[in-house]
Amino acid sequence: MTGTRPDLTTVVVNWNTRDLLDDCLRSVYEATPHGLTNHVVVVDNGSTDGSAEHLRSHWPQVDLVANDENVGFCRANNQAFRITESPYVLLINTDARLEPGGIDGMLGYLRDDPTCAVVGPRLVYGDGTFQRWTAGQPFTLRTLANYLLGLERLLPGRPGAAGIYLGRDTDRAFQPGWVSSAVMMLRRSAIEQIGLLDERIFVYMDDVDLCQRARDAGWNVWYAADVTATHFMGASSRRAPGRASPEALRALNRWFVRRHGHAAGVVLRGLEVAGFGGRALAYVGLAVVTRSPGRSSALSQMRVHATRLRLALEPIDVRN
């Protein structure tokens, strides 16, 4: 890793997603503007599916960092951050795809706003439909209550009723509380000031945490509504696309207690119990009055929310 300093570093963290690497890397190179030097680094987290060997054979232009074990999303990204030196860093998941012009579009926000630390694009699923968890409001008791109790859906667009995710698609760029790290571009100088990704976080909540720390330090976070990327979701965490992982709820609770304290954590868990418990009971009632095949779907949703209710009652160990 010598020579002229590149304009951009792209970091891809991989864990047993060899089948996704080619399309991901191809989209990165195709989206790199002519004349811009892009130093691509893949950090492999101890994959057992031949990912590292595949990269060495088919992508010799990529710098590979091969870990012996899965060290987590944050620590792996930080490894690449520490051994590179470009002024801008792009983080992209293996299950995400850039569109032509995507890199240039995100760079435009960082160049136009010298106080911009983080920028994220509009994310869509593979079928082109909008992903509401592409960005959102800061995670506070109010926004979490609006989300957990369904107030954001009952009172759409009302002041004070916004939840933690975008309520609707928009073509207007704005400054949200956070943007998704599935595709996220960073200003190195800002991250060096506020600190790298929190390595206490193995996966999930890394983006909310980083954006919150950036905003606390006076930096801006931008949602680039005019830049679109595809995010299939779930491939590297072994879950159904679009369905929240149980670990996501655990990560949320740990992060919230670290930031806001145990008393606020108790209130959050009360909101979770009310929200998930209420949904589980509602689906039980729906299953009773609904005939097949709708009954099967209602029971499936009941089990999902019952599982989340159980997770909400788990002890929270902030040391993890």
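The values are calculated or read from the model by the stated rules, or taken from the named source; none is laboratory data. Computed from a prediction, not measured in an experiment: that's the story for all the values here. Please note: Cβ atoms are built from the backbone with ideal geometry, for glycine as well, and neighbour counts cover all protein chains shown. For the accessible areas, the whole protein counts, side chains as well, though only heavy atoms, and no ligand, DNA or RNA atoms are used. Shrake-Rupley method; radii C 1.70, N 1.55, O 1.52, S 1.80 Å.
Worth pointing out:
- Taking the criterion of being among the acidic types (Asp, Glu) and either in contact (Cβ under 8 Å) with a residue 60 or more places away in the chain or farther than 21 Å from Cys74 by Cα (or both), the only residue of the stretch 208-236 that qualifies is Asp226.
- Residues of the stretch 6-58 that are buried (at least 17 other Cβ atoms within 10 Å of the Cβ) and on the phi > 0 side of the Ramachandran plot: Asn16 alone.
- Among the candidates Leu107, Leu155, Leu148, Leu144, residue that is touching a strand residue (DSSP E or B) at 6+ places or on another chain (Cβ under 9 Å) and either open to solvent by less than 40 Å² (accessible area, probe 1.4 Å) or more than 25 Å from Val257 (Cβ to Cβ) (or both): Leu107
- The residue list Asp127, Asp95 contains one member that is surrounded by fewer than 23 Cβ atoms within 10 Å (Cβ to Cβ), touching a helix residue (DSSP H, G or I) at 6+ places or on another chain (Cβ under 8 Å), acidic (Asp, Glu) and within 28 Å of Asn16 (Cβ to Cβ), which is Asp95.
- Leu286 meets the conditions (1) touching a Lys or Arg at 6+ places or on another chain (Cβ under 9 Å); (2) modelled with pLDDT under 90; (3) among the hydrophobic types (A, V, I, L, M, F, W, C) in every case but one. The failed one is (2).
- Members of the stretch 50-96 that are without any contact (Cβ under 8 Å) to a residue 24 or more places away in the chain, in a strand (DSSP E or B) and small (Gly, Ala, Ser): Ala66
- When the stretch 19-46 is filtered for residues that are closer than 16 Å to Ala76 by Cβ and in contact with a helix residue (DSSP H, G or I) (Cβ under 7 Å, 6 or more places away or on another chain), the ones remaining, listed by number, are Leu21, Val40, Val41, Val42, Val43, Asp44, Asn45.
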